[in-house]
1. When residues of the stretch 50-84 are filtered for being within 29 Å of G138 (Cβ to Cβ) and part of a helix (DSSP H, G or I), how many remain?
2. Here are some conditions: (1) surrounded by 15 or more Cβ atoms within 10 Å (Cβ to Cβ); (2) out of contact with any helix residue (DSSP H, G or I) (no Cβ under 7 Å at 6 or more places or on another chain); (3) under 15 Å from A232 (Cβ atoms). E322 meets all but one. Which one does it not meet?
3. With the stretch 144-259 as the region, which strands (runs of 3 or more DSSP E) entirely inside it contain at least 3 residues that are among the acidic types (D, E)?
4. Test K176 against the stated conditions and say whether it is among the basic types (K, R), farther than 20 Å from L95 by Cα and touching a residue at least 24 places away in the same chain (Cβ under 8 Å).
5. Exactly one of these conditions fails for R297: (1) in contact (Cβ under 8 Å) with a residue 12 or more places away in the chain; (2) in the same structural domain as L186 (by TED's automatic domain parsing); (3) surrounded by fewer than 16 Cβ atoms within 10 Å (Cβ to Cβ). Give me its number.
6. Scan the stretch 9-43 for residues that are surrounded by 23 or more Cβ atoms within 10 Å (Cβ to Cβ), assigned to a strand (DSSP E or B) and touching a residue at least 60 places away in the same chain (Cβ under 8 Å) and jot them down.
7. Hey, does the stretch 221-243 have a residue that's surrounded by fewer than 22 Cβ atoms within 10 Å (Cβ to Cβ), modelled with pLDDT under 95 and among the hydroxyl-bearing types (S, T, Y)?
8. Out of G306, G254, G290, which single residue is in contact (Cβ under 8 Å) with a residue 40 or more places away in the chain and over 27 Å from T62 (Cβ atoms)?
Amino acid sequence: MSAPLGLMLHTGDMPYPEIERYAQEAERSGYEQLLLTEESGKEAFSLLAVLAGRTSRIRLGTGIVSFYTRTPTLLAMAARSLAELSGGRFGPLGLGTGGIGFMRRGHGVELELPVARARESVEIVRSLLNEPRTTYSGRWFKVDDFHLREGPLPQGHGVDIWLAALGPQMATMAGKVADGLITNWLIPESLAEFRQLVAAGAAKAGRDPGRVALASLTMVCADPGDEEAVMAARRGVAFYCASPHYHHIADLAGLRGDAERVFEAWEAREFDRAAHLVSDPLLERFTLTGSDQDSSRRLRWMMAEGVMPVIYPLPRRSRMVEDHFSILQRARSWAGE
């Protein structure tokens, strides 16, 4: 079965009125899903509440919020509130560690035992959303005969919980406990590995791996014929090369050395040099920077494989708003009806 098409937004990149217009245009254009990130931009749940009142059909979710910055109980409260405010259109609740740099420099938080913490977060949130009472004793969180004041979610307002995963352990955990896995830099080699890991995790938990949705952020260059736009795409790839978590996928693509050279420049805080070190093979494998035909082929490949592409705009700084909207339209045309 062909997967739907999603769209994401770094909320710090656009002012509020343009974000509202962006969500409405995504809905008119036939996108099934809009996911908001939460890094150093706007707070995700308050903005989703606004967008719930400005749209009527598109599903609204997070892609992602960190499970280090909120307790599971607070995450469940936010998810329940948005499920009702949106008339059952909230989801997925996409959870992950958050970027190492954002967590360390922005929150002063070390990413201690992320896979175990992911499990506790997912299991507690799911129980609070769906059960009359929750008792849970974990390493970090202990919930004692607790319930949300308004009770479980109303019928038809269920919220899927996805885990962001790049490495084998988190992907396996997604198979064990999550409703979906969301990743980045998807290539055939990583898709095959993710499927194996999800299946292994699901088998350990006695679950059907077919019930674990797969989605991937899909980075898109605004204009492959424009030097500034291509450099913006290189900067986007460099940002992820700066995280060692991505080097395994680069290795699967035969490009680990390329990624490590970018990483070394980024670690030296030579950000412009890091962007210039992003090789053409890195750009071609991990972004849509080619022809319309090539971009359409890759999007349709994902959808045919049952993976939801989540369009990730890589705008030029000089055309921030215009590029977001043009990428929205171009990607929709690539995916077809």
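1. 13
2. Answer for E322: the failing condition is (1).
3. Filter on the stretch 144-259 gives an empty set.
4. no
5. Of everything listed in (1) in contact (Cβ under 8 Å) with a residue 12 or more places away in the chain; (2) in the same structural domain as L186 (by TED's automatic domain parsing); (3) surrounded by fewer than 16 Cβ atoms within 10 Å (Cβ to Cβ), R297 misses just condition (1).
6. Of everything in the stretch 9-43, those that are surrounded by 23 or more Cβ atoms within 10 Å (Cβ to Cβ), assigned to a strand (DSSP E or B) and touching a residue at least 60 places away in the same chain (Cβ under 8 Å) turn out to be L9, L35.
7. yes
8. Step by step, each of G306, G254, G290 is checked, and only G290 is in contact (Cβ under 8 Å) with a residue 40 or more places away in the chain and over 27 Å from T62 (Cβ atoms).
The values are calculated or read from the model by the stated rules, or taken from the named source; none is laboratory data. The structure displayed is predicted, hence computed values, not measured ones. Ideal geometry is used to build each Cβ from the backbone, glycine not excepted, and the neighbour counts take in all protein chains shown.
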